[in-house]
Amino acid sequence: MRRSRRSGVGSGLFAGLSVGSGALILVVLAAVAAFLLIQAWPALTSAPATLHESIAWFPDKTSLVSFVGPLVFGTLLAAAIALVIATPIAVGIALFISHYAPRRFAAGLGYLIDLLAAIPSVVYGLWGVRVLVGQNGIGQPIQQVLHDVLGFIPLFAGTPARPARSLFIAGMVLAVMILPIITAVAREVFLQTPRLHEEASLALGATRWEMIRMAVLPFGRSGVVSAAMLGLGRALGETMAVLMILSPGFTYSWHILEAGKQQTIAANIAAQFPEANPLGVNTLIATGLALFVITLAVNMLARWIVSRRAEFSGAN
């Protein structure tokens, strides 16, 4: 009897803590949104002429929407470049660890991947400056090859930057940053593939690759999408690595190899905040509000995609 009462009290306490923790997350999210909106309101309600006169770095003849637009464009484009580069590589590494590598080697490689995920972003930025952008960096030859081979595509048109301070190089650094996150999540998802499905495929005469294509990849599709969205969330909000690589610009340009064409929201906030006056701070917070909305929309889209995949798998 006493044990049942104690278990009932413990279950109620645990349920209360769980509900409270979930509610706390929603309260914190609402508080962040309210703070951003309140702090950004002076900039949102100011006339363009007031912004020009009060903020030294604010572009001339530009409204707040026209100022935020190119930053949003640069942020999304840099994150997309990182995602396109990192996701296939991460999936390949995850499949190698889960289904190809010997057990001991796979354990060590998985541990190394987990360590890479913990490296601070400023270290990746320093690596990018030294290895990709430096005087003998490999970024310039890579950009030149892409321009020579794929120059007919607008993304790779234009004159490659010298030194290689372009959005493409920033995207490469972001790809290296998000690679461990996507790899770690995808690896765990692939390891959860039902063993019977794999053995049934092999028993029917499938090769290892055919087994992976027919059993592992369909099972882990929603997990790969979730992993990619986690990496995208980090790429969208990255500051220091992009700031150390990218030459600032405020234009809508698809030429990712050129210098001084694009800039991201987070890097622009970090660059302009030290010299910003009160209205300038409000303007930067307004751009942060835009980044908050973008990140929230991306997470909601990822949640919808994962739920749709789960419903489709359950229906089959």
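The values are calculated or read from the model by the stated rules, or taken from the named source; none is laboratory data. Source: prediction; values computed, not measured. Note that each Cβ is placed from the backbone with ideal geometry, even for glycine, and that neighbours are counted across all protein chains shown. Only protein heavy atoms, including side chains, enter the accessible area calculation; ligands, DNA and RNA are left aside. Shrake-Rupley method; radii C 1.70, N 1.55, O 1.52, S 1.80 Å.
For the range 53-74, the set of residues classified as in a helix (DSSP H, G or I), aromatic (Phe, Trp, Tyr) and closer than 22 Å to PRO274 by Cα consists of PHE67 only. Taken together, the residues in the range 60-79 that are closer than 18 Å to ALA266 by Cα and exposed (fewer than 14 other Cβ atoms within 10 Å of the Cβ) amount to 2.
Of all residues in the range 259-274, which are open to solvent by 30 Å² or more (accessible area, probe 1.4 Å) and out of contact with any Phe, Trp or Tyr (no Cβ under 7 Å at 6 or more places or on another chain)? Of everything in the range 259-274, those that are open to solvent by 30 Å² or more (accessible area, probe 1.4 Å) and out of contact with any Phe, Trp or Tyr (no Cβ under 7 Å at 6 or more places or on another chain) turn out to be ALA259, GLY260, LYS261, ILE269, ALA270, ALA271, PHE273, PRO274. Scanning the range 89-141 for residues that are among the charged types (D, E, K, R) and in contact (Cβ under 8 Å) with a residue 40 or more places away in the chain yields one hit, ASP114. Just a yes or no: is a residue in the range 58-67 within 18 Å of ALA235 (Cβ to Cβ), of a type outside the set (S, T, N, Q) and at pLDDT below 90? Among the residues of the range 58-67, not one is within 18 Å of ALA235 (Cβ to Cβ), of a type outside the set (S, T, N, Q) and at pLDDT below 90, which makes the answer no.
(1) without any contact (Cβ under 8 Å) to a residue 40 or more places away in the chain; (2) assigned to a helix (DSSP H, G or I); (3) open to solvent by less than 50 Å² (accessible area, probe 1.4 Å): which one isn't true of VAL224, the others all being true? Single failed check for VAL224: (1).
Screening the range 89-112 for residues that are among the aromatic types (Phe, Trp, Tyr) and within 26 Å of the chain's Cα centre (by Cα) and picking the one that is most open to solvent (accessible area, probe 1.4 Å) gives TYR111.
Only one entry of LEU36, LEU24, LEU76 meets the criterion of being touching a Leu at 6+ places or on another chain (Cβ under 7 Å), closer than 30 Å to PRO180 by Cβ and modelled with pLDDT of 85 or more, and that entry is LEU36.
Hey, can you tell me all the residues within the range 113-160 that are assigned to a loop (DSSP other than H, G, I, E, B) and more than 24 Å from the chain's Cα centre (by Cα)? Correct list: GLY134, GLN135, ASN136, GLY137, GLY151, PHE152, ILE153, ALA157, GLY158, THR159, PRO160.
Here ALA43 passes the criteria (1) in a helix (DSSP H, G or I); (2) open to solvent by less than 30 Å² (accessible area, probe 1.4 Å); (3) at pLDDT below 80 except the one numbered (3).
I'd like to know if the range 241-251 contains one or more residues that are farther than 24 Å from GLU53 by Cα, touching a residue at least 12 places away in the same chain (Cβ under 8 Å) and surrounded by fewer than 20 Cβ atoms within 10 Å (Cβ to Cβ). The answer is yes; a qualifying residue exists. Can you tell me which residue among VAL28, VAL72, VAL68, VAL32 is in contact with a Ser or Thr (Cβ under 7 Å, 6 or more places away or on another chain) and under 29 Å from LEU174 (Cα atoms)? After ruling out the rest, the residue left standing is VAL68.
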